[in-house]
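Novice: Let me begin by handing over the structure; questions about it come next.
No lab work stands behind these numbers, since they all come straight from the coordinates. These numbers were taken from a predicted model, which means no experiment stands behind them. In this analysis, Cβ positions are derived from the backbone assuming ideal geometry, glycine residues included, and neighbour counts consider all displayed protein chains.
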């Protein structure tokens, strides 16, 4: 009975989050940022050298494929490409779970639960993590089944693809190398060398692309490591994160992943898995390293599959392949919360979507479509929604507010461009504005915003 309830709640949750994403396609800040870059890339601009960004390109090239057909595609098309990746990752997780002798029923349940967790952890937005995780899961499966050196070459290529999807995928290298060198030991030097060669092949191909577009090898490496944008503040992520904000993501993850309590209730079995199958414990531990700078919900997409794999190993020892929710309410509690949160969000989504559409119309009434704009304290979603261009594509790009100081933005802004700033951000600009700049106020959702116009060089 509980098994049917568990599967039923998973499907209800997935349906609710799909409705959230596709019926009311509220565009998130990250999504607008990525789509604006892909619009420029697919119109002929070179990645990194023409388009300033700290993120590697592969994920964006994937969900940006609709730009090969449409000049300004519906964001839901790009989201659909990410959903396809979630489906692929769920199938890979199922294969991994079956490989470690988890029952078919439990493997199916965990794979569906994994899909639902991804949707909850910002999966209804267009993100970089899904494709990066897909390649890591495929690399994991290849490693567990590796029988020849060419398999290690393939694994290296897959890790490189994950890194080129988003830099955080690189965490996988540490647990893999530790397992090869210190635990498996067989042909460890040659395996690591072949792995390294496989990793370098996509990197070298991309470096050649950058070289053809004017970047040196050193510049290319800086670009790929997220150091290609000369920002003034922070490292490009989690700049204004405080301890409270950081804690929220972790608390939410711990609550919805309370299946991990099994490992705490049965430390003997947990330690046994760590001793006999350390690779899964290492994957889980090192996946947590993505939270070093911030704990945005979508960062947990890296942790979810490896926590489930580690948990499944322990559960296999404890339950002897029995479906866990026949003896534990952990999953039912998580599922009720996840489904309830999705339904609550769905009730709020129509108003949020309408508010975003209203704001888009107000902004476009003040700034012509296609203008060069920097959004300061305003969601980067409007770069794409309003079809705005960057004030300086090769230096500033569509970088989030707060990473460039006002002096820098004014220096990089060209004549005829605009800066749309919140009241708080405008106070930083006001003391340094001179006769070359004019400004006026506009109202967005009963809040005062300032539109600065750059008049020189027009």
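Novice: For 222, 94, what's the fewest-to-most ordering of other Cβ within 10 Å of each Cβ? Don't skip to the end; give the middle numbers.
Specialist: Working: 222 15, 94 19.
Lowest to highest Cβ neighbour count: 222, 94.
Novice: A follow-up question, please. Considering every Cα-Cα pair within segment 409-458, what fraction, in whole percent, is farther apart than 15 Å?
Specialist: On the way: 506 of 1225 pairs.
It works out to 41 percent of all Cα pairs.
Novice: May I pose another question? Determine, from the Cβ-Cβ distance of residue 145 and residue 357 and an R0 of 41 Å, the FRET efficiency 1/(1 + (r/R0)^6), rounded to the nearest 0.05.
Specialist: 0.25
Novice: Something else about it: Once the Cα atoms of segment 1-145 are picked out, what are the Rg and Dmax in Å?
Specialist: Rg and Dmax of segment 1-145, Cα atoms, are 17.2, 58 Å.
Novice: I need two numbers for the chain: Rg to one decimal and Dmax as a whole number, Cα atoms only, in Å.
Specialist: 23.6, 76
Novice: Along its principal axes, what span do the Cα atoms of segment 353-454 show, with the longest given first and each in whole Å?
Specialist: 35, 27, 22
Novice: What relative contact order, as a whole-number percentage, does segment 339-414 give when Cα pairs under 8 Å and 6 or more residues apart are counted?
Specialist: 24
Novice: Still on this structure: Considering Cα pairs under 8 angstrom that are at least six residues apart, work out the relative contact order of segment 2-346 and quote it in whole percent. Don't skip to the end; give the middle numbers.
Specialist: Working: 422 pairs, mean separation 89.3, N = 345.
Relative CO of segment 2-346 lands at 26 percent.
Novice: Let me ask something else about it. Return one number: the angle in degrees, 0 to 90 and rounded to the nearest 10, between the long axis of the Cα atoms of helix 267-276 and the longest principal axis of the Cα atoms of the chain.
Specialist: Once rounded, one gets 90 degrees.
Novice: Another question, if that's okay. Of all DSSP beta bridges in segment 353-454, what percent run antiparallel (nearest 5)?
Specialist: Antiparallel bridges: around 70 percent, rounded to the nearest 5.
Novice: Sort 276-286, 357-367 by the packing proxy (mean of other Cβ within 10 Å over each peptide's residues), most packed first.
Specialist: 276-286, 357-367
Novice: Can you give the angle from 0 to 90° between the axis of helix 104-118 and the longest principal axis of the chain, with both taken from C-alpha atoms, to the nearest 10?
Specialist: Tilt relative to the chain: about 20 degrees.
Novice: A follow-up question, please. Antiparallel as a % of all DSSP beta bridges within the chain, to the nearest 5?
Specialist: That works out to approximately 70 percent antiparallel.
Novice: If I stretch the segment between residue 185 and residue 70 completely, what's the gain in nm (0.36 nm per residue apart, minus their alpha carbon distance), one decimal? Walk me through the numbers on the way to the answer.
Specialist: On the way: separation 115, 0.36 × 115 = 41.40 nm, distance 5.13 nm.
Stretched fully, the residue 185-residue 70 segment lengthens by 36.3 nm.
Novice: Tilt of helix 304-319 relative to the longest C-alpha principal axis of the chain, in degrees (0 to 90, nearest 10)?
Specialist: 20
Novice: Sticking with this one: Label points 7 Å out from Cα along the Cβ direction at residue 209 and residue 366: separation in nm?
Specialist: Result for the modelled spin labels: 3.7 nm.
Novice: Still on this structure, please answer the following. Take 70, 311 and order them by how many other Cβ atoms sit within 10 Å, fewest up front.
Specialist: Arranged by neighbour count, lowest to highest, 70, 311 become 70, 311.
Novice: Can you put 62, 11 in order, fewest other beta carbons within 10 Å first?
Specialist: 11, 62
Novice: Highest mean first, what order results for 334-344, 110-120 on Cβ atoms within 10 Å?
Specialist: Values: 334-344: 17.9, 110-120: 24.4.
The peptides rank, most packed first, as 110-120, 334-344.
Novice: Hey, with R₀ at 22 Å, roughly what FRET efficiency would residue 456 and residue 430 work out to, going by the Cβ-Cβ distance, to 0.05?
Specialist: Working: r = 18 Å, r/R0 = 0.81.
Computed FRET efficiency for residue 456 and residue 430: 0.80.
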